[in-house]
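The values are calculated or read from the model by the stated rules, or taken from the named source; none is laboratory data. Just so we're clear, the structure is a prediction, and the values are computed from it rather than from any experiment. Counting neighbours? That spans all protein chains shown, and the Cβs are built from the backbone with ideal geometry, glycine included.
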Amino acid sequence: MEFGRLIVAMATPLHEDLEVDFKKAASLAVHLVDQGVESIVVSGTTGESPTISREEKIELIKAVKAAIKAPVIANVGTNDTRISIQNAKDAEEAGADGILLVAPYYNKPDQGMLYDHFAAIANSVRIPSMLYNVPGRTAISIKPNTIIRLSHDISNITMLKDAAGNLEDTTMVIRDAAKGFRVYSGEDALTLPTLAIGGYGVVSVTAHVAAPQMKRMIEAYLKGDISTAAQIHLSLYSINRALFLQPNPVPVKKALELIGFDIGPLRPPLKEASEEVTRELKRALEDLGVL
């Protein structure tokens, strides 16, 4: 399965009564693919996964899968291996092309426990698995040696979304992981640096509002036009910063609203972006030329 280099972790549209708007989810997915996005992640961090129910996650996969030809990756990871296995099976049955496995949060398993957790989930399905290392949210990090070992031992663990922000560790994974294993930046601001050390692409939030720019940056780098890639990287600085001034996905939902693609409110405890963040988003979007 080819997932491409520009993947978006898609926000989940909600009605004003906070129920999931599946029709708008399909429309947002179509819009993103039209903008150059190559795959869609549903029910991830940006998709408000902690407050999306099992039934809603299944219906989101079906709605987005029916709307686009691009691959759909479903976040299925939790801090409970049994539930994660059930989620993985649900996702495969609903038509997902891949699954995303976040490191277990709160209960803080050690590296051996992490290995067993990821192996059990990946082995429960036939579709590819993407590990998700985001210690800022989970309080633990999947160490490079654990990722490398999983890449060699478990044939359908084929990707990493790396949001740890440690390029030294990322380098080690890229160097020593199994042949064909792909490392994606999980931080928009590190997309170009990750490509420069051998990474494959990005699982993006910024591409909700700047997919064409990000696609051009990646293509310029791959063609060897480093100067153009660097210029685009610099032009994305303000929007990358603004989109993380409050917890994701608070700013990105406001950014979509500002450019005319309102996808509704957020489920508590998350709330609408502050006035200060809204001003920063407006400035960044204006600088980018999309507002």
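Residues in segment 60-85 that are crowded, with 24+ Cβ neighbours inside 10 Å and not in a helix (DSSP H, G or I): 72, 73, 74, 75, 76, 77. Taken over segment 171-210, the residue count meeting the criterion of being touching a strand residue (DSSP E or B) at 6+ places or on another chain (Cβ under 7 Å), surrounded by fewer than 23 Cβ atoms within 10 Å (Cβ to Cβ) and hydrophobic (A, V, I, L, M, F, W, C) is 2. Mind checking whether some residue in segment 263-280 is within 21 Å of residue 6 (Cβ to Cβ), polar (S, T, N, Q) and either out of contact with any Pro (no Cβ under 8 Å at 6 or more places or on another chain) or part of a helix (DSSP H, G or I) (or both)? No, there is no match, as no residue in segment 263-280 is within 21 Å of residue 6 (Cβ to Cβ), polar (S, T, N, Q) and either out of contact with any Pro (no Cβ under 8 Å at 6 or more places or on another chain) or part of a helix (DSSP H, G or I) (or both). Among the criteria (1) outside any helix (DSSP H, G or I); (2) touching a residue at least 40 places away in the same chain (Cβ under 8 Å), the one residue 121 does not fulfil is (1). One residue stands out in segment 26-59 among those that are over 21 Å from residue 79 (Cβ atoms) and among the aliphatic types (A, V, I, L, M): the one that is surrounded by the fewest Cβ atoms within 10 Å (Cβ to Cβ), namely 30.
Picking from residues in segment 219-239 that are buried (at least 17 other Cβ atoms within 10 Å of the Cβ) and β-branched (Val, Ile, Thr), the one that is farthest from the chain's Cα centre (by Cα) is 232.
Taken over segment 86-118, residues that are small (Gly, Ala, Ser) and outside any helix (DSSP H, G or I) amount to 4. The helices (runs of 4 or more DSSP H) located wholly in segment 162-256 that include 3 or more residues which are free of Cβ contacts under 8 Å to residues at least 40 places away in the same chain and either of a type in the set (Gly, Ala, Ser) or in contact with a helix residue (DSSP H, G or I) (Cβ under 9 Å, 6 or more places away or on another chain) (or both) occupy 167-176, 191-196, 207-222, 226-235. In segment 1-25, what residues are part of a helix (DSSP H, G or I) and surrounded by 24 or more Cβ atoms within 10 Å (Cβ to Cβ)? Hit for segment 1-25 is 25, nothing else. Looking at this structure, is residue 125 more than 28 Å from residue 143 (Cα to Cα) and at pLDDT 95 or above? So residue 125 does not fit the description; no. When each of 12, 45 is tested for being among the hydroxyl-bearing types (Ser, Thr, Tyr), farther than 17 Å from residue 101 by Cβ and either under 15 Å from the mean Cα position of the chain (by Cα) or at pLDDT below 95 (or both), the lone residue that passes is 12.
Screening residue 97 against (1) farther than 20 Å from residue 181 by Cα; (2) touching a residue at least 40 places away in the same chain (Cβ under 8 Å); (3) charged (D, E, K, R) leaves a single unmet condition, (1).
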